Each structure stands twice: as C-alpha cells, then as structure tokens.
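Q: First the structure, then my questions, so here it is.
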Amino acid sequence: MTKLTDSETARLHPETLALNHGFDPWLSEGSIKPPVFLTSTFAFKCAEDGKRFFAWAHGEGHPPPRREMGLIYSRINNPNLEIFEDRVAAWEGMKDAYSFSSGMAAIATTLLATHQPGDEMIVCAPVYGGTDALIHHFLKRFGIAAHFVPAGPDAPARIAPLLSPRTRSIFIESPANPNNRLTDIGALKALAGRQSPAGRVLVIVDNTMAGPVFAHPARVGADIVLYSATKFIGGHSDVVGGVALANDDTLLHAIAQHRAMLGGMPNPYTAWLLTRSLETLKIRAEQQQRNARQVAEFLAQHPKVRKVCYLGLLSADDPEYAIFQKQHSGPGSLISLHLHGGEQEAYAFLDHLKVIKLAVSLGSTESLAQHPATMTHSGLAPEDKVLGGVADNLVRLSIGIENADDLVWDLGQALEHA
C-alpha cells in the first residue's frame, strides 16, 4: 500500500475520499479506521514547538497548512475533528471546514465571527425555529438587526431595496425549512457584489435540508455553508453536531478563533461518529431520495392532501424549477404537505402513524414526521409564521430508508383519520 499523491487525491470522488482522506493508518499502528483520540492535551517534543504552535494558532507569523500546525489542546485541534473536517470539506469541494457540537453552535459562532454591532442581516424566511430565535432575539441584543423576507424566486427583488452600507450578510436555508421553498443563491451573490464589490456582504447558506449529496451552495455563490451535522451527515439519530465551511482564509480564521473562544467544538467521539457516518452518506441519501419520490407521488394524488411541496414534483413551468436545475442534482428526501383542514386534522394524521415516528429532526435512516407550527417553529411570532408559510395544516416528513411500500401504506392508513 502506497500513499496517494496530491494530484491523485484531487481526482477522487467525495464518496471515495470519505473512506480514507485525511488519515494515515501508519501514524496509528496501521489501523484501517481512525482511532478515537480521547485526550484533552497533546505533548510537545520541545518547548520551542509549544511556542511555535501557539503562535500559529494565534495567526502569527507564516503558519503552515492547518493540518501541519501541530496539536495543542482539544479545544483548538484534535485528530478526530481534523479528519472529519477534511472529509466533509471534500464533500463540498470547499477549502476547509470547522466542526461544532451542534448545528446551532455552528450558526451562532459563524454569525458572531462575521458580524459586529451595527451590522444588518437580511434573512429569507422561514428558517429553523432555533435560528429564528437566535437572529430575532439574541443577536438583536448585541446590536445586529435583521430584515426578513419570504424565501422563493422573488426573494432577490424583495432584498434589493433593503441593502444598505450596514448590510453584512444575506442568510438563507436552502430549501427553506419547513416549506421547501427555493431561493436563487447566485442571484443573491450578484446582489451582494453590486452592493459591495469588495465582497463585504456575505451570502450564508444553511444547507441542512438538502444535505451535501444533492446540493453544493458554494458552487453557485455561497460564501459560507452551514450544516446541522446531526441530520444527513450523522444520519442515524445518535449524534449531535454542526459544520461551517468556507473558501476564504479570513473567514475561516475568524470562525476558528471564535470557536476556540466560545468552546463550541465537538468532542472527539462525536467527530469519530460523524466521520463513520460520512462513509455511507451517499448510499443513504440516494435510498432516501428513491423512497421520497414514491411517497410524494402517492401524497400528491391523495384526496386528504391539499398540496405537496417536494422538489421532485416541480414542473418546468414552475418559477422554482429553474432554480432547482441550477442548485440541485436531486430533490432529496424532505417533503412538506398541506392537509385539508388545520391543526386538528394534522394532529389526527400524525397520531395515527405506525411506521413513521412522530419526532423532530430529519435526514436519518428512519422516517420522521412533525408539525412545525407547534413543534420546531412554535417559537415564531404569529406574523413570522405567516411570512414563512408555517401554517397549522403543514406537516413535514423526513423520509428514511425503510421499504417505500411500507411507508406508503402507513401514510395511507393515517390519512384516513385526518
């Protein structure tokens, strides 16, 4: 067995890199899988190494590539974190990544690292309820204001008049959570560039709902890509984590410095679990997508369902179809459906599911269903629910890897009670 050269590594696909990138077995007794580095601190060979490593960590001098900087302390760097970060960055085709203890830790740290008091954000609604609360309440206390506009094809036109010299970022989820609306990331990048040719206005995309297999926001203009790694990346409902990725060294350094100060990194075992899960990410996502297509087609024909929001059902005359063609290689496995009726009908449907579990989260091997208006997005103000289309009759489904016929049967029998 010999080592891959840099040029050979560059030609490999992400699903191949997910099994071997960023780890040298011969540094760990020939272990095929990375061991778990359960240590808080690392020994220096000499005092001069300690001085040099700390200087590099503070951004002083001319530091080498991050993976050659030397290990100091697991709040700053750890082999398990670095292996996972190398591999998830390969999935995105981005320069580097930083892992976090949760998706909210990734979002909060990134926004604090890139915004200052007096800055303004423009947010395409809806976003996850925790993100909405962070922006509406927490960041507001620190003098960071936000303007919310509905996600969708007309979002760039709504955003244009809101841009000002104080605008620091445009923040979106793609697709929007929980209504699956698509917003043109490239158009937002063009707006940001016109507002500030120097690139002061950042386009920040939370890609959790799509996952890293079927969408790569940086390729169409995102400056920073965020994930709740709990979802598709972890994929087994047994680990909580987050990721922030960027191509710009200044942004990466700011995120790294704030992570070290705020202490939001994952523990080594969490990073090890996320690394394990990356190995099966593509095959899980593809099976989930196959199942979701069958489920969506069934739901679209059911008389108890008023509307199904699934990217795989977009028609060529839909204004979101062109965005989907640019930004996605597949529709994924998240389905939002509007039932005839309201909360009572939605609850009756949810309470009669037998195979699909009534639980929040998404992207896992098992199928999940939840009621956003009273669960994940319950903290939104009534007017913000209206702005984001979070209605009482809306149910969000995350389709797993079960037999698709079994999922269709379960949905059918539960809809009889709606």
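The values are calculated or read from the model by the stated rules, or taken from the named source; none is laboratory data. Keep in mind the model is a prediction, meaning the values are calculated, not measured. All Cβ positions, even for glycine, are placed from backbone atoms using ideal geometry, and neighbour counts span all protein chains on display.
Q: Would you be able to say whether some residue in the range 22-34 is in contact (Cβ under 8 Å) with a residue 60 or more places away in the chain and over 21 Å from LEU278 (Cα atoms)?
A: No, the conditions are met nowhere in the range 22-34.
Q: Restricting attention to the range 134-145, report how many residues are assigned to a helix (DSSP H, G or I), out of contact with any strand residue (DSSP E or B) (no Cβ under 8 Å at 6 or more places or on another chain) and loosely packed, with under 14 Cβ neighbours inside 10 Å.
A: 3
Q: Identify the residue in the range 39-65 that is farther than 21 Å from ASP24 by Cβ and among the acidic types (Asp, Glu) and, among all such residues, is farthest from the chain's Cα centre (by Cα).
A: GLU48
Q: If you check GLU68, GLU92, which single one turns out to be under 28 Å from the mean Cα position of the chain (by Cα), of a type outside the set (Lys, Arg) and crowded, with 16+ Cβ neighbours inside 10 Å?
A: Exactly one residue qualifies, and that residue is GLU92.
Q: Do we find a residue being over 27 Å from LEU313 (Cβ atoms) and not hydroxyl-bearing (Ser, Thr, Tyr) anywhere in the range 204-215?
A: The answer is yes, given that some residue of the range 204-215 is over 27 Å from LEU313 (Cβ atoms) and not hydroxyl-bearing (Ser, Thr, Tyr).
Q: List, please: which pairs have Cβ atoms under 8 Å, are six or more places apart or on different chains, and start with a residue in the range 215-241 that is touching a residue at least 24 places away in the same chain (Cβ under 8 Å) and end with one that is part of a loop (DSSP other than H, G, I, E, B) and among the acidic types (Asp, Glu)?
A: As it stands, the answer is ASP223/ASP248; SER237/GLU366, since those pairs meet every condition given.
Q: Also, I was wondering about something else. Name the single residue that is surrounded by the most Cβ atoms within 10 Å (Cβ to Cβ) among those in the range 247-281 being free of Cβ contacts under 8 Å to residues at least 40 places away in the same chain and among the aliphatic types (A, V, I, L, M).
A: That would be LEU273.
Q: Output the residues belonging to the range 22-57 that are of a type outside the set (S, T, N, Q), surrounded by 13 or more Cβ atoms within 10 Å (Cβ to Cβ) and part of a loop (DSSP other than H, G, I, E, B). Even if it seems obvious, please write down each step before you answer.
A: Within the range 22-57, the first condition is being of a type outside the set (S, T, N, Q), and the residues that meet it are 22-27, 29-30, 32-38, 42-57.
Going one step further and asking which of them are surrounded by 13 or more Cβ atoms within 10 Å (Cβ to Cβ), we end up with 22-23, 25, 33-37, 42, 44, 49-50, 52-57.
Of everything in the range 22-57, those that are of a type outside the set (S, T, N, Q), surrounded by 13 or more Cβ atoms within 10 Å (Cβ to Cβ) and part of a loop (DSSP other than H, G, I, E, B) turn out to be GLY22, PHE23, LYS33, PRO34, PRO35, VAL36, PHE37, PHE42, PHE44.
Q: While we're looking at this one, here's another question. Taking the range 353-398, which residues are at positive phi, of a type outside the set (Ser, Thr, Tyr) and surrounded by fewer than 22 Cβ atoms within 10 Å (Cβ to Cβ)?
A: GLY389
Q: If you don't mind, there's one more thing I want to ask. In contact (Cβ under 8 Å) with a residue 12 or more places away in the chain, hydrophobic (A, V, I, L, M, F, W, C) and more than 18 Å from HIS258 (Cα to Cα), is that true of MET104?
A: no
Q: Sticking with this one: Within the range 381-402, work out how many residues are part of a loop (DSSP other than H, G, I, E, B) and either within 19 Å of VAL149 (Cβ to Cβ) or under 21 Å from the mean Cα position of the chain (by Cα) (or both).
A: Qualifying residue count, the range 381-402: 7.
Q: Which of the residues belonging to the range 291-319 are of a type in the set (A, V, I, L, M), more than 17 Å from MET209 (Cα to Cα) and not in a loop (DSSP other than H, G, I, E, B)?
A: Passing the criteria: VAL295, LEU299, ALA300, VAL305.
Q: Could you tell me whether ALA176 is under 21 Å from ILE233 (Cβ atoms) and surrounded by 24 or more Cβ atoms within 10 Å (Cβ to Cβ)? Full working, then the answer.
A: Working: under 21 Å from ILE233 (Cβ atoms): yes; surrounded by 24 or more Cβ atoms within 10 Å (Cβ to Cβ): yes.
So ALA176 fits the description; yes.
Q: Which of (1) touching a strand residue (DSSP E or B) at 6+ places or on another chain (Cβ under 9 Å); (2) part of a loop (DSSP other than H, G, I, E, B); (3) closer than 20 Å to THR250 by Cβ does VAL127 not meet, given it meets every other one?
A: The number of the failed condition is (3).
Q: Working only within the range 320-349, note down all residues that are assigned to a helix (DSSP H, G or I), aliphatic (A, V, I, L, M) and buried (at least 18 other Cβ atoms within 10 Å of the Cβ).
A: Matches in the range 320-349: ILE323, ALA346.
Q: Additional query: Just checking, which of ARG158, ARG168 is in the same structural domain as ALA215 (by TED's automatic domain parsing), surrounded by 15 or more Cβ atoms within 10 Å (Cβ to Cβ), free of Cβ contacts under 8 Å to residues at least 24 places away in the same chain and not in a loop (DSSP other than H, G, I, E, B)?
A: The unique qualifying residue is ARG158.
Matching residues to (1) of a type outside the set (S, T, N, Q); (2) surrounded by fewer than 24 Cβ atoms within 10 Å (Cβ to Cβ); (3) in a strand (DSSP E or B):
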{"site": "VAL203", "(1), (2), (3)": "yes, no, yes"}
{"site": "THR208", "(1), (2), (3)": "no, no, no"}
{"site": "PRO212", "(1), (2), (3)": "yes, no, no"}
{"site": "ARG219", "(1), (2), (3)": "yes, yes, no"}
{"site": "ALA222", "(1), (2), (3)": "yes, no, no"}
{"site": "VAL225", "(1), (2), (3)": "yes, no, yes"}
{"site": "SER237", "(1), (2), (3)": "no, yes, no"}
{"site": "VAL240", "(1), (2), (3)": "yes, yes, no"}
{"site": "LEU245", "(1), (2), (3)": "yes, no, yes"}
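Q: Scanning for something farther than 21 Å from GLU383 by Cβ, of a type in the set (S, T, N, Q), without any contact (Cβ under 8 Å) to a residue 40 or more places away in the chain and in the same structural domain as THR250 (by TED's automatic domain parsing), does the range 189-202 turn up at least one residue?
A: The answer is yes, given that some residue of the range 189-202 is farther than 21 Å from GLU383 by Cβ, of a type in the set (S, T, N, Q), without any contact (Cβ under 8 Å) to a residue 40 or more places away in the chain and in the same structural domain as THR250 (by TED's automatic domain parsing).
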